[in-house]
Each structure stands twice: as structure tokens, then as C-alpha cells.
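The values are calculated or read from the model by the stated rules, or taken from the named source; none is laboratory data. Here the structure is a predicted model, which is why all the values come from computation and not from measurement. In this analysis, Cβ positions are derived from the backbone assuming ideal geometry, glycine residues included, and neighbour counts consider all displayed protein chains.
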């Protein structure tokens, strides 16, 4: 029998179609189809200025938009060869880790719902709402944050942000504990997740896995430690690693990663120092509005940046950050023009999803749902 | 480091190289791709991070197929570029790296570059009947779809209707 899973189905996490060929309930073949959400982001990038591309990165992984903003602007800053101020780096780490928690909360929570455990999801989603409240305070928007700018941030975090984050640290830890109490030792959860989608470390590397799925298979690769950026080398945190790479290990890795992210956030709050959140370079940063209105030089810089864009060097860079799903890479080719000549987004979930058939072949339909959830496929990122 | 090894073991293979902002890039001819990949694999570059392409329509060899490799042990990265002309094909790496399968399908879909020996070279992001290759520079930004874009004067391309 042939069953279409998706493209529009609660368990397909966006718009994906998977054609399952079955014998009874056993999957004999699975053909994933994607592209239902393809918007030509890379093509659009070639016609937009470097700054204008930032809102498009929001739409890649809409569960953790800020990490996409950070990844992209870090790539452009690498191309420009500039370093952003300390405070901007710290705030980027802070919001990235909040976004990682939000992403993992959604992934674990929705995976549990897909498998039939609803209560854990409720505990977790309450915390995601708090994170979105914090994003709203900082960026003015909950989902599509567009918080970073090339050379720093759109603005500094507002008053009241830090105490609320401190309260969140306590409450989120409690929610993760509650969720763990419900799931980690639950025999039904074990039956549905243990041994499902197991993958060896060699295979995981060969498939191009990154992020929690790779670490769950036993490969301790985390760009925050391996190729640190934004000063991650100065923070104290651990990389959780699994052994079998199955759905249960991915769940454990993500749960522990959330705790480690809370640890990093606590350290950021402890060391957050006052200062600018934008580079002091009028060729990159827009001048403050009051200066545009009162000073001729600032007005000229503003005009030049808006009308002509930044002066970019000729060259190409690949910059990778550790997003919630894994290595999010931006490959930018510049010919010195106002627009990027080519922007390539290397989404972490594309290589992971490409192994879907191998993961589910011989399993049951219900296992396919568990595997898909644990892969944390985000259609916006997959299709671009 | 790795580039010296390639120079020593496969002399004359690297036709161009540059180091920009810490990114090492080498350019090789498409005939040498499999030999270089084999060497890279033996040298510990076992993680194929990405395959993509860049279109330079004014060049004789119009496309650069771009491979990004990572050495998990040393965390060294290497970018390998293979120039190809329109209509030419490149050897597929899908037999060596499973991850290459979909990346090559995507490059085929969006640039029209064929990969010799690929087990299932179909479009990935667009549908089978889709006309053209969307990431080529001469592909119109508005998609050129007469049914969807009738009367469209999208401001970002001055209302031009390429493809007609």
C-alpha cells in the first residue's frame, strides 16, 4: 500500500511530502519530497543589499530566527573583516542561547505530542512563550526578530530584560525537570523512542549530520567549542553526547543542551558590561537618527549607506555557526558590488533529512513519525 | 597544510589558490576531482559540509562547483572549486559521501549542472516540469511565469520581464 504522509499534516513539521510504501504497517520504501516551501531565498539575496537580506534569514528556521540573524551577520562581518563590540557579542550569545532553548523546547515538545505524550508539551510551551516575550522586549517582534545588524545589533536590550531573564532561568529549569519527570523514565516513551532511528557515528558523519543528531550518535562536534565565535571559548559549558543516535538519545542530548544553554545565559548575565552595541564605523553602521538630523557628515553617511550600500571587498567566505539544528553555514561571494553576488545557505536539516529513508526502512509508520520529529526538520530552512 | 599535501602527492593538480579571511580555497580541473577527493578523505577530510555552485555567465567555464570540506580531527576547512562549462558534467560524489546525493540534486535543479554517476539525478526543490534553472544569473527574478506574474511590475527589478 502507498500512503502519502504530508505535504500538509501535523507531523510533517511544515510542508513536506513523504511517500511511504508499506507492507502492513512496515515501511518498505520512503520517498521524501521537499520544495513545497521553496521561496528562492538565495536568488532574492542576489538582488538585495547585505542589510536587506537580514529579514529573509528570519524565515529560514522560524523557531529560532535570531540564530539565523546571528549566523548571517557573522558571515558578512567576516567578509568585511570587522569585529563587533564586546557587549554586542555578549547579547548575541544571550539571545542565541535563548533561541536554542526555544527551538529544543519545540522540537522535544512536538516530538512528544506526535508520539502521543501531550502534557510535557504544555509544560514546555509555557517557557517558549516567555522566551518570545523576551524577544519582543529586545527586538520588538516575537517570531521574525531581525535583531542583528551588520556590525552589531539593532538596539540594546531594554530595561527590565535582565531581571525577567533571571526569573526565566529559574522557571525554565523547573519546567525542564517537570518534562523529564514525565518522559525520561516513562516506559511508553522508552518503547517509542529507544532503538528507533539509531545511526552509527561513521554513518552520521557520512550523511553530513550536524548538531544534536550528530552528537547523539556519539560525535562531540560543536562549533561553539570546536571553532569558537562570539567569545564562546570564554564560557564554561559541556557538550552532551549520546551513544546510539536513536530518538531517545536525541531527546536526552537536547534536554541536556537546554540546561547547558541556561548555564551560558547565566554567565552572560553575570559579565554583561555596558558599552556600545554597534561598531564605531560610519561606513558600516547607520548613524543615530538625531545625528542624521543635526550633522552634515552623519547625513551623508546615512545617505551613502542607504543608497549605495557598504563598500564590500571582493572575495568569498564561508561562515558557520552552531544553530539549534546544527551547522548553519552562509557562503557569500562578493564581487565588490552593493548586493552579494551569491548567497548560499547551508541548512543543517537538509543532510539530516536526506537520510530519512535509511532511518525508517523496515520500521513502522509510527516510527517514521518519531524519527521525523527527532530530526527537527524545519521546512522553511530545508526549502529556503 | 592540506594544500601542501595535495601539491606533494598530486603535483600540478591545483590550478589556482587563495586564502581570504582564513578560508583556504583551491581550484582544480574537473578531471582531477575524484583523485583530490580520495586524497582528502585519506587525509582526514571526511566531512563533506556542502556542495553548491556559482554562476559566472561571462566566463567560458561558466560555473564553479564549490565543495566545502571539514576535517573533524583538526577542524581544518577546505574549499575546492571545480570550474565547468554549460552542458559539461562533473563526477558525482554520492558513492563516497551519502550527503552528496541531495546536495548534487539541488545543484542540478538550480543550476542545471549534471553529475556523472549520480544514482538518482532528479530535481530537488522545484517540480519535474519546471522550466529552466532558478539560480542561474539569466533566470528572471520574478520567475518569468506568465500566468502568475501577468501585469507584475515588481519594484526590485524595475518591472523587467526577463525570460520573455
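Among the listed residues A:215, A:224, A:192, identify the single one that is over 17 Å from residue A:241 (Cα atoms) and in contact (Cβ under 8 Å) with a residue 24 or more places away in the chain.
A:192
Give me the residue from region B:95-111 that is modelled with pLDDT of 90 or more and more than 10 Å from every other protein chain (Cβ to nearest Cβ) and, out of that set, nearest to the chain's Cα centre (by Cα).
Only one residue fits best here, namely B:107.
Every residue in region A:234-248 that is touching a helix residue (DSSP H, G or I) at 6+ places or on another chain (Cβ under 7 Å) and without any contact (Cβ under 8 Å) to a residue 24 or more places away in the chain, please.
A:238
If you scan region A:1-32, which residues turn out to be under 23 Å from the mean Cα position of the chain (by Cα) and surrounded by 17 or more Cβ atoms within 10 Å (Cβ to Cβ)?
Of everything in region A:1-32, those that are under 23 Å from the mean Cα position of the chain (by Cα) and surrounded by 17 or more Cβ atoms within 10 Å (Cβ to Cβ) turn out to be A:7, A:11, A:12, A:13, A:14, A:15, A:16, A:17, A:32.
Among helices (runs of 4 or more DSSP H) lying entirely in region A:172-265, which contain 1 or more residues that are in contact with a strand residue (DSSP E or B) (Cβ under 6 Å, 6 or more places away or on another chain) and within 12 Å of chain B (Cβ to nearest Cβ)?
Once the helices (runs of 4 or more DSSP H) in region A:172-265 are filtered for at least 1 residues that are in contact with a strand residue (DSSP E or B) (Cβ under 6 Å, 6 or more places away or on another chain) and within 12 Å of chain B (Cβ to nearest Cβ), what remains is A:201-206, A:223-226.
Conditions: (1) in contact with a strand residue (DSSP E or B) (Cβ under 8 Å, 6 or more places away or on another chain); (2) within 11 Å of chain A (Cβ to nearest Cβ); (3) more than 20 Å from residue A:205 (Cβ to Cβ). Residue B:68 meets all but one. Number of the miss?
Among (1) in contact with a strand residue (DSSP E or B) (Cβ under 8 Å, 6 or more places away or on another chain); (2) within 11 Å of chain A (Cβ to nearest Cβ); (3) more than 20 Å from residue A:205 (Cβ to Cβ), residue B:68 violates only (3).
Report, by residue number, each residue of region A:249-267 that is within 19 Å of the chain's Cα centre (by Cα) and touching a residue at least 60 places away in the same chain (Cβ under 8 Å). Explain how you work it out, then say what you get.
Initial filter on region A:249-267 (within 19 Å of the chain's Cα centre (by Cα)): A:250-265.
Once the filter is applied, which keeps residues that are within 19 Å of the chain's Cα centre (by Cα) and touching a residue at least 60 places away in the same chain (Cβ under 8 Å), region A:249-267 yields A:250, A:251, A:252, A:254, A:255, A:257, A:258, A:259, A:261, A:262, A:264, A:265.
All but one of (1) at pLDDT 90 or above; (2) out of contact with any helix residue (DSSP H, G or I) (no Cβ under 9 Å at 6 or more places or on another chain); (3) at the interface with another protein chain (Cβ under 10 Å from one of its Cβ atoms) hold for residue B:157, so report the exception by its number.
So residue B:157 meets the others, but not (1).
Residues being touching a helix residue (DSSP H, G or I) at 6+ places or on another chain (Cβ under 6 Å) and at positive phi: count how many of those fall in region A:189-225.
Final tally of qualifying residues: 3.
Is it the case that residue B:25 is within 26 Å of residue A:334 (Cα to Cα) and within 11 Å of chain A (Cβ to nearest Cβ)?
yes
Answer yes if at least one residue in region B:53-60 is more than 12 Å from every other protein chain (Cβ to nearest Cβ) and either at pLDDT below 95 or touching a strand residue (DSSP E or B) at 6+ places or on another chain (Cβ under 8 Å) (or both), and no otherwise.
Among the residues of region B:53-60, at least one is more than 12 Å from every other protein chain (Cβ to nearest Cβ) and either at pLDDT below 95 or touching a strand residue (DSSP E or B) at 6+ places or on another chain (Cβ under 8 Å) (or both), which makes the answer yes.
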